[in-house]
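Participant: This structure is in structure tokens; I'll ask about it shortly.
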Amino acid sequence: MPVLAKWITCDVPIDARDAFAATQRRWSVIADQPGLVGQVGGWDSRTSRAHVLALWADTDSHGVFLRDRHDAVADAGGYTGISVALGEVALTMSGAAADVAEAMDGGVLRVADCHLAEGAEEHFRNVQHRVWAPAMEAAGVLGGVLTGLAARRYLVATFWPDAATHRRYAEQVPRLRTEAAADADITSMTGHVLALEPTWRVRAFR
């Protein structure tokens with residue numbers, strides 16, 4: 001079960017995409033890293049940005065990785081800007097996959113980066129359990145995580161088998177937003193639907 005999520009966004013010029021993708025393929029060497037649950041990523045079709053999501057079993061193992069191996073693998077690799085957000089997993093969502101590690105083998109990652117109104121966190125987390133998670137499971141989600149990245153900032157990351165399955169679920173979102181009273185909780189949200197790049201995927205040894 002993941003305890004820690006790491007959300008990375010990189011600004012990548014069009015002419016540097018091949019170099020950036022090559023650096024992402026090199027991350028497969030950390031598949032044997034103790035505590036790694038998995039790492040995936042892809043391109044945002046609306047921008048020139050690349051996004052990477054890594055899940056870790058605990059904070060200590062992530063700290064050991066940063067100390068002992070991160071710098072040997074990391075490379076500027078073509079990006080001109082980077083942001084990294086790290087936080088504790090507040091909810092693991094079940095789905096068609098046996099666990100979240102298996103869910104990361106899906107073809108599509110949907111991310112909702114939510115900033116909440118003051119005092120809205122308890123209700124927001126409650127409706128993830130009561131409204132969103134059951135609806136996504138019924139729609140065919142493989143699994144996902146809800147992560148608190150900062151004060152009143154939450155990342156909802158869900159894995160889907162393919163774009164068609166996610167599109168069918170997305171048709172329900174307006175109704176679900178009303179049921180969850182999302183407009184009262186969320187002051188701003190950035191959404192990403194990423195076709196995951198197979199060669200960027202790091203499957204942790206198990």
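Where a number appears in this text, it was derived from the coordinates with a stated rule and is not lab data. Quantities reported herein were computed from a predicted structural model and do not represent experimental measurements. FYI the Cβ positions are ideal-geometry reconstructions off the backbone, even for glycines, and counts take in every protein chain you see.
Participant: Given 0.36 nm per residue, what is the gain on full extension from T59 to A151 after removing their alpha carbon distance, in nm?
Facilitator: Gain on extension, T59 to A151, equals 31.3 nm.
Participant: Show me the helices of the chain, taken as full DSSP H stretches, that run 20 Å or more along their long axis by Cα and average 0.5 or above in Kyte-Doolittle hydropathy.
Facilitator: Length and hydropathy pass: none found.
Participant: Can you check what the Kirkwood hydrodynamic radius comes to for segment 1-138, Cα pairs only, in Å to one decimal?
Facilitator: Over segment 1-138, the inverse of the mean reciprocal pair distance is 16.7 Å.
Participant: While we're looking at this one, here's another question. Could you work out the mean projected area of the convex hull around the alpha carbons of segment 142-194, in square nanometres to one decimal?
Facilitator: Average of the hull's projected areas for segment 142-194 equals 4.2 nm².
Participant: Okay, moving on. Taking the Cβ of A50 as the centre, find all other residues whose Cβ is under 11 Å away and add up their charges (Lys, Arg: +1; Asp, Glu: -1).
Facilitator: -1
Participant: Count neighbours as other Cβ atoms within 10 Å of each site's Cβ, and list the trypsin sites (Lys or Arg not before Pro) in segment 19-127 that are DSSP loop with at most 10 such neighbours.
Facilitator: R46
Participant: Give me the percent relative contact order of segment 24-141, please, defined on Cα pairs under 8 angstrom at least 6 residues apart.
Facilitator: Contact order relative to length: 20 percent.
Participant: Report D for segment 1-80 in µm² per second (integer): Stokes-Einstein, Kirkwood Rh on Cα pairs, 25 °C, 0.890 mPa s.
Facilitator: Taking Rh from Cα pairs, D becomes 184 µm²/s.
Participant: Oh, and also: Take the chain, mark every one of the GluC sites (Glu not before Pro) that falls in a DSSP loop and has at most 10 other Cβ within 10 Å, then report the longest stretch left between them, sites excluded.
Facilitator: Answer from the scan: 1-117.
Participant: Another question, if that's okay. Report the relative contact order of the chain, percent, no decimals, based on alpha-carbon pairs under 8 angstrom and at least 6 residues apart.
Facilitator: Once normalised by length, the contact order is 31 percent.
Participant: Could I ask something else about it? Would you look at the GNM of the chain, springs on alpha carbons closer than 10 Å, and say which of V100, V37, V173 moves the most?
Facilitator: V173
Participant: Still on this structure, I have one more. To the nearest 20 Debye, how big is the dipole of the chain about its Cα centre, given +1 on the beta carbon of each Lys and Arg and -1 on that of each Asp and Glu?
Facilitator: About 280 debye.
Participant: Can you give the Rg and Dmax of segment 62-178 based on its C-alpha atoms, in angstrom?
Facilitator: Answer for segment 62-178, Rg first and Dmax second: 16.1, 47 Å.
Participant: Between T178 and A22, 0.36 nm times their residue separation minus their Cα-Cα distance comes to what?
Facilitator: 51.9 nm
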